[in-house]
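Only one structure is covered here, and it is reproduced in the block below.
Since every read-out is calculated from the coordinates, none of them should be taken as a lab result. Small disclaimer: the values here were computed from a predicted structure and weren't measured. Cβ placement follows ideal geometry from the backbone for every residue including glycine, while neighbour counts extend to all protein chains displayed.
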């Protein structure tokens with residue numbers, strides 16, 4: 001029982017135990033999804049790291065896309081490109097396929113100039129689709145092999 005406005009006693013209705021919109025359940029779902037993403041990225045990266053070649057790692061956010069070629073044996077980044085760079089930025093929008101293609105061309109050209117011809121493509125937790133696929137195809141056209 002609880003007091004409501006004007007001092008009336010109104011019994012509280014029992015909560016439905018099958019109700020899925022409580023804050024606790026929403027947080028549990030978000031935590032589960034983030035763990036699934038971490039596991040997926042770990043699984044993809046483990047398959048890529050054993051090749052002995054540098055890996056072309058991709059990160060995408062809603063606004064930008066980033067790519068870097070990493071040497072896992074020394075743990076150093078060899079070449080990097082992102083849509084935040086002034087010469088690669090297109091109208092300030094880095095969240096579309098056109099900018100992903102520009103970044104792919106740039107990372108491919110920079111890697112070939114640095115003497116890197118073969119890499120392993122690390123898509124991370126993302127599907128090989130859309131901006132990630134556009135970046136990969138542009139990097140292939142620029143001369144990278146994977």
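Between residue 96 and residue 46, residue separation times 0.36 nm minus the direct Cα-Cα distance comes to 15.2 nm. Given 4 °C and 1.567 mPa s, how large is the Stokes-Einstein diffusion coefficient of the range 95-146 in µm²/s, with Rh as the Kirkwood radius over Cα pairs? So the translational diffusion coefficient is about 120 µm²/s.
Length gained on full extension, residue 61 to residue 27: 10.1 nm, using 0.36 nm per residue less the C-alpha separation.
For the range 23-141, the convex hull spanned by the alpha carbon atoms encloses 118 Å³ per residue.
Sorted fewest first by neighbouring Cβ atoms within 10 angstrom, 88, 144 come out as 88, 144. Using a simple spin-label model with pseudo-atoms 7 Å out from Cα toward Cβ, residue 38 and residue 86 lie 3.9 nm apart.
Each listed q (0.16 Å⁻¹) maps to a log10 I(q)/I(0) for the range 27-74 from the Debye sum over equal C-alpha point scatterers, namely -0.60.
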